[in-house]
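A short worksheet on the structure shown next.
The values are calculated or read from the model by the stated rules, or taken from the named source; none is laboratory data. Note that the coordinates shown come from a computational prediction; the quantities given were computed from them, not determined experimentally. Cβ sites come from the backbone with ideal geometry, for glycine too, and all protein chains shown count toward neighbours.
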Amino acid sequence: MVEGVIPMRFPFSFRDGCILVVIATVSAFGLPLNLHAAAPMVKSQAPGYYRMMLGQFEITALCDGFVELDEKLLRNASDSEIDGLLARMFVGKPKMRTSVNAYLINTGAKLVVVDAGSGNALGAALGNLLPNLKAAGYHPAQVDAVLLTHLHPDHIAGLTDAAGKPVFPNAVVYLSKAENDYWLSTIDVEKAPPAFRQHLEMAVKLVRGVAAPYHASGKWKTFADGNQPVAGIKGLVIPGHTPGHTAYEITSDNQSLLVIGDVVHSMAVQFARPDVAVSFDVDPQQAVTARQALFKHAAQDNLLVAGMHIPFPGIGHIRADGKEAYAWVPVEYSPVPK
Ligand SMILES: [Zn+2]
């Protein structure tokens, strides 16, 4: 029988009818009616990058991964206050999943990355910056400048590979003079509390190791507070978390994005309680003061901000939410980078 010879008279063709008979027969013997095999699960994540435009600049947030921080690292609030704030935001405890982000900026003239991620220094859940940079359409050899917020391992270990070679072979690394001087000369590991000494020794060793090949080729450069290491990107030193901790103000066509580095380690706790410090802060009180001032400024001026440890992509706004308290409002995904 040829389909279409008897148009519109029967709801099924002869072939469909035959299939139905077969199904009815098969089901009569108790076999399943579902003719489709279940699709296998993919079990891998989507590439970790998020793209937006800032005036003429293209911004790409890069996901390095996440670290599980212990809530005991948070200071200036009771355990029950911390637990309450974490539970309210559905964040696990005692281990708080904490994003590690970096930001790639294409100014049209320069390709710049702010922070270099963890490389292979901090375990399997981190060190995804490079694959995500490539998934985002770039290659590390294209990067002209790496701007560092500070010299903690999750921000710099990705500067070199397992063999100690530069991951960004054509880039100049820029950091504030204060941060450079602290880690490469003034830090005195012997004066650190015994509990932190070993950790600090490892951190200093890592700093010197990743800096060495860039130093050797004259590509490790410092800048003073308020200078622009790259046109359109100003470094603003906000000491506290580390002595030369630096935010970067990126501006194009009167649009700005403020990359705030490690001003926030816990989205769930520190927006509601900016007075909560973290054990990694070199000067906790100074870090608290810096965070309070930055949140106030960002909320009053509707600043777009990006944070290295705010849930990926870590870009959004800060709004006032009561006295001395704030809330985080993340950007929304768009299939068109705007
Ligand atoms: Zn960090």
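Quick notes on this one:
Rundown of residues vs (1) in contact with a Cys (Cβ under 6 Å, 6 or more places away or on another chain); (2) closer than 30 Å to Ala162 by Cβ; (3) buried (at least 19 other Cβ atoms within 10 Å of the Cβ), yes/no style:
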residue: Lys191; (1), (2), (3): no, no, no
residue: Met202; (1), (2), (3): no, yes, no
residue: Val210; (1), (2), (3): no, yes, yes
residue: Ala216; (1), (2), (3): no, yes, no
residue: Pro229; (1), (2), (3): no, yes, yes
residue: Gly232; (1), (2), (3): no, no, yes
residue: His241; (1), (2), (3): no, yes, yes
residue: Gly244; (1), (2), (3): no, yes, yes
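- Among the residues of the stretch 137-149, those that are crowded, with 18+ Cβ neighbours inside 10 Å and more than 16 Å from the ligand (Cβ to nearest atom) comprise Tyr138, Pro140, Val143, Ala145.
- Output for the stretch 46-90, where each listed residue is more than 30 Å from Gln255 (Cβ to Cβ) and either among the aromatic types (Phe, Trp, Tyr) or not in a helix (DSSP H, G or I) (or both): Val67, Glu68, Leu69, Asp70, Leu74, Arg75, Asn76, Ala77, Ser78, Phe90
- Flag if Ala298 is surrounded by fewer than 22 Cβ atoms within 10 Å (Cβ to Cβ), modelled with pLDDT of 95 or more, out of contact with any His (no Cβ under 7 Å at 6 or more places or on another chain) and not acidic (Asp, Glu): yes
- Within the stretch 302-332, tally of residues that are over 30 Å from Pro153 (Cβ atoms) and assigned to a loop (DSSP other than H, G, I, E, B): 7
- Residue match in the stretch 111-118 (condition: over 24 Å from Asp225 (Cα atoms), within 16 Å of the ligand (Cβ to nearest atom), part of a loop (DSSP other than H, G, I, E, B) and in contact with a strand residue (DSSP E or B) (Cβ under 7 Å, 6 or more places away or on another chain)): yes
- Residue in the stretch 271-287 that is hydroxyl-bearing (Ser, Thr, Tyr) and buried (at least 20 other Cβ atoms within 10 Å of the Cβ) present: no
- The residue pairs whose first member lies in the stretch 162-173 and is at pLDDT 95 or above, whose second member is acidic (Asp, Glu) and assigned to a loop (DSSP other than H, G, I, E, B), and whose beta carbons are closer than 8 Å, counting only pairs six or more residues apart or on different chains, are Val167/Asp161; Asn170/Asp144; Ala171/Asp144; Val172/Asp144.
- Here Asn76 fulfils each of the conditions (1) touching a Lys or Arg at 6+ places or on another chain (Cβ under 6 Å); (2) on the phi > 0 side of the Ramachandran plot apart from (1).
For (1) closer than 19 Å to Ile260 by Cβ; (2) assigned to a helix (DSSP H, G or I); (3) more than 16 Å from the chain's Cα centre (by Cα), each residue gets a yes or a no:
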{"residue": "Pro131", "(1), (2), (3)": "no, yes, no"}
{"residue": "Tyr138", "(1), (2), (3)": "no, no, yes"}
{"residue": "Ala141", "(1), (2), (3)": "no, yes, yes"}
{"residue": "Ile156", "(1), (2), (3)": "yes, yes, no"}
{"residue": "Ala162", "(1), (2), (3)": "no, no, yes"}
{"residue": "Asn170", "(1), (2), (3)": "no, no, yes"}
{"residue": "Val173", "(1), (2), (3)": "no, no, yes"}
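- Among the residues making up the stretch 119-136, those that are touching a strand residue (DSSP E or B) at 6+ places or on another chain (Cβ under 7 Å), more than 16 Å from the ligand (Cβ to nearest atom) and of a type outside the set (Gly, Ala, Ser) are Asn132, Leu133.
- Residue among Ile187, Ile250, Ile233, Ile156 that alone is within 16 Å of the ligand (Cβ to nearest atom) and either free of Cβ contacts under 8 Å to residues at least 24 places away in the same chain or of a type in the set (A, V, I, L, M) (or both): Ile156
- Residue-level analysis places Gly261 among those that are within 15 Å of the ligand (Cβ to nearest atom) and either in contact (Cβ under 8 Å) with a residue 24 or more places away in the chain or touching a Gly at 6+ places or on another chain (Cβ under 6 Å) (or both).
- Tally of residues being among the hydroxyl-bearing types (Ser, Thr, Tyr) and in contact with a Ser or Thr (Cβ under 7 Å, 6 or more places away or on another chain) across the stretch 134-168: 1
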